[in-house]
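The values are calculated or read from the model by the stated rules, or taken from the named source; none is laboratory data. The structure presented is a predicted model; accordingly, all values stated were derived computationally and were not measured. Here the Cβ positions follow ideal geometry from the backbone for every residue, glycine too, while neighbour counts run over all protein chains shown.
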Amino acid sequence: MMRWMLLFVSLFAAITGCATCPDVRQQLKDNEQAIEMREKMIEKQQAVISEKEEVIEDKNETISTLKKQIDELDRRLNISNNEQDRYDERIQQVTSEVRSFVKKQIQQSRSFLTNIALEDFVGFPLIARENMDADARMVVDLAHPVPGKGQINGIGGYFKGSGRIVVKLMRPVGRDYIVTYNKTLAMDSGEAAKQLIDFDNPIMVNKGDVIAYYLPESIAVAYDRKIGVSSYFRAKSDEFPVGERIEADSLWKQKQPKRKYSLNYYGIFVQN
């Protein structure tokens with residue numbers, strides 16, 4: 001458009017032949033030079049834009065390629081995850097079957113050892129008794145300390161209910177006791193019955209150690225009154241973690257009514 005205007009002005013000046021024609025021509029020449037410079041700048045800018053567009057296009061191609069690679073990796077990862085899930089399910093199934101088999105073997109071995117008197121049962125007989133204690137409590141079997149160095153393989157009781165029992169190993173230190181081990185066991189018994197609960201790993205014990213049982217209120221245990229020497233006391237929660245020191249005076253309560261609980265433990269002990 002600017003060039004056409006300059007051409008028109010040039011023609012007009014040539015036709016009219018005015019006195020100012022040299023000035024007009026000079027101005028036209030200057031304008032032409034300015035236009036040429038602008039056109040060169042525009043060409044350079046267009047070249048830069050074209051170069052940037054090429055770079056953008058290359059980057060878009062790279063992004064598209066990376067996206068395809070990511071999609072492929074996601075596809076492979078999904079396949080691997082599905083395979084791993086199937087593998088994990090199989091491992092869990094095999095593990096469950098092996099544990100069930102081992103548990104049955106342990107139970108059979110325990111029955112065999114018990115029948116031939118190779119495993120000692122220490123405590124009171126597991127029979128139905130006059131009462132069922134359903135309060136949250138801790139029972140310390142002072143009447144049956146561990147008879148010798150060895151291992152405890154499990155506990156028994158005449159229980160009713162479901163919940164978690166905490167079995168405690170208490171070691172005498174002077175006149176007091178220190179809790180040296182806690183083992184939590186799950187139990188589920190709809191009706192009152194004799195229960196034997198095997199440990200997953202035995203508890204190693206010394207002669208003179210004392211066994212205690214923390215029983216929540218959801219589990220009832222049979223007992224007879226006015227007989228036995230067990231120490232027991234109400235406890236809404238387990239207040240005796242490992243390392244806790246229990247004074248003997250808090251266990252040997254002279255005026256406490258005697259009780260005989262259907263609780264015992266079993267294992268193998270070396271009696272000198």
Response to the item:
Conditions (1) touching a Pro at 6+ places or on another chain (Cβ under 9 Å); (2) free of Cβ contacts under 8 Å to residues at least 12 places away in the same chain -> residue 201 fails only (1)
Worksheet entry | Residue ID - modelled with the lowest pLDDT, chosen from residues in the stretch 185-203 that are more than 26 Å from the chain's Cα centre (by Cα), under 26 Å from residue 102 (Cβ atoms) and loosely packed, with under 14 Cβ neighbours inside 10 Å | 190
Worksheet item: Of the residues 143, 212, which is of a type in the set (A, V, I, L, M), surrounded by 17 or more Cβ atoms within 10 Å (Cβ to Cβ) and closer than 17 Å to residue 266 by Cα?
Response: 212
Worksheet entry | When residues of the stretch 215-226 are limited to those that are touching a strand residue (DSSP E or B) at 6+ places or on another chain (Cβ under 7 Å) and surrounded by fewer than 14 Cβ atoms within 10 Å (Cβ to Cβ), the one modelled with the lowest pLDDT | 225
Worksheet item: Among the residues of the stretch 241-271, how many are touching a Ser or Thr at 6+ places or on another chain (Cβ under 9 Å) and surrounded by 10 or more Cβ atoms within 10 Å (Cβ to Cβ)?
Response: 12
Worksheet, complete the sentence: In the stretch 224-259, residues that are more than 40 Å from the chain's Cα centre (by Cα) and not small (Gly, Ala, Ser) total 14
Worksheet item: Can you name the residue in the stretch 223-272 that is among the aliphatic types (A, V, I, L, M), part of a loop (DSSP other than H, G, I, E, B) and touching a residue at least 60 places away in the same chain (Cβ under 8 Å) and, of all such residues, is farthest from residue 181 (Cα to Cα)?
Response: 229
